[in-house]
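Below is one structure, written out as structure tokens; the observations come after it.
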Amino acid sequence: MKGSSGKSRAGAVRKGGKGAAGKQVGTGGHGRKALEGKGPTPKAEDRAWHPAGKRKAAQERYAAAGGKGKPAGKVAGQGRGASAPRGASGASRRAKSGDESEIVTGRNSVVEALRTRIPATTLYIAARVEMDDRVKEAVKLATNRGIPILEVMRPELDRLAGDGGVHQGLALKMPPYEYAHPIELLDEVIARDETPLLVALDGVTDPRNLGAILRSTGAFGGQGVIVPQRRSVGVNSAAWKTSAGAAARVPVAMAANLTQTLKSLKERGVFVLGLDGDGDVSLPGLSWADRPIVIVVGSEGKGLSRLVAETCDAIVSIPISASTESLNAGIAASVTLYEIAKLRAAE
């Protein structure tokens, strides 16, 4: 109905759906995107939070660790779930992840990495840095190897080092860490006519603990560290920093399944010692010190997992003061390595 003004009243609907110019009246497609939705649902394996996506990520990590993309299966001498073997020497390590580079920070860590000729792509030096002996050696080593040297402002080095990182004016960019194979690591130790002394980490997630354990392993005659493929810390820039360069000398192997790897080590004559405060064997005067040994260190909070504890030949405890509840993973490993090294030297 029209009023005296000749205009349509408020709320009236135009019949025929056409405007004054005879054009179809509509929303102009404003609701089209809502009707179209967000497209097809991604496959389960493409969703990072989905179990299938986690399995896919684990398989990719396994392939990067030396499995060549094959699912974990039976391997001669290892059992189900172990990483597939590779033919490289102990100095050759498999990359844990994709193409992401690692940044090694700190003067000692950078110099040690350059000394051992670990592949590196760029050396970063803070502008107006104090040229002490370590900085000079880093520059010399990088120059001799043809590694590009970039002088950058300290805020840029702070960014490269990450939150809480201490770079001391030096940083080294390098490819992802390449992991050894646990059984090949053992074979190489035996081939050198050495008594194996390895450390395995069961769920340790703090890279500073890994770095400390690498440092202690090198200091007390250990030949390598084994980390699980899942739920464990890997060799990253924080571990490199804490190790004070030991990560460049002590090989780290990756086990697709730690329990199966420990069983394989036992089949090859290695004695598996788990560390736990409630262990029934006391560390001082350990009677098995002269045997091939792998020391298993549990996670920072829960300690040894049930399956790993059941696989151990003995659970060893470190006597401590009643006023101290426990030792962290890095310190416990260091004390045990020292005691075994001392007992071996006394023989």
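Here, each number is a calculation from the coordinates, and none is a lab measurement. Nothing here was measured: the structure is a model prediction, and the numbers come from that model. Note that each Cβ is placed from the backbone with ideal geometry, even for glycine, and that neighbours are counted across all protein chains shown.
A few comments on the model shown:
- Peptides ranked, highest mean first, by Cβ atoms within 10 Å: ranges 310-322, 252-264, 109-121, 167-179: 252-264, 167-179, 109-121, 310-322
- Ranked by how many other beta carbons lie within 10 Å on average, peptides 184-191, 244-251 from highest: 244-251, 184-191
- FRET efficiency for the ALA322 to ARG230 pair, using the beta carbon distance and R₀ = 51 Å, is estimated at 0.90.
- Measuring how big the stretch 125-167 is from its alpha-carbon positions, Rg and Dmax come out at 11.2, 32 Å.
- Spatially, the stretch 168-217 and the stretch 285-331 are offset by 18 Å when compared through their Cα centroids.
- Length available on full extension from THR205 to ARG117: 0.36 nm per residue minus the Cα-Cα distance, which gives 28.9 nm.
- Neighbourhood net charge (12 Å Cβ-Cβ; Lys/Arg +1, Asp/Glu -1) for LEU186: -2
- D (Stokes-Einstein, µm²/s), Kirkwood Cα radius, the stretch 101-175, 1.002 mPa s at 20 °C: 181
- Panel order for TRP240, TRP288, by other beta carbons found within 10 Å of each beta carbon, from fewest to most: TRP288, TRP240.
- Cα gyration tensor, the stretch 146-191 - rounded (a/c under 1.5), prolate or oblate: prolate
- Each residue, ASP46 and ARG128, gets one label point 7 Å from its Cα in the Cβ direction; the gap between the two is 5.2 nm.
- Segments 194-200, 129-135, 227-233 sorted - mean Cβ within 10 Å per residue, highest first: 194-200, 227-233, 129-135
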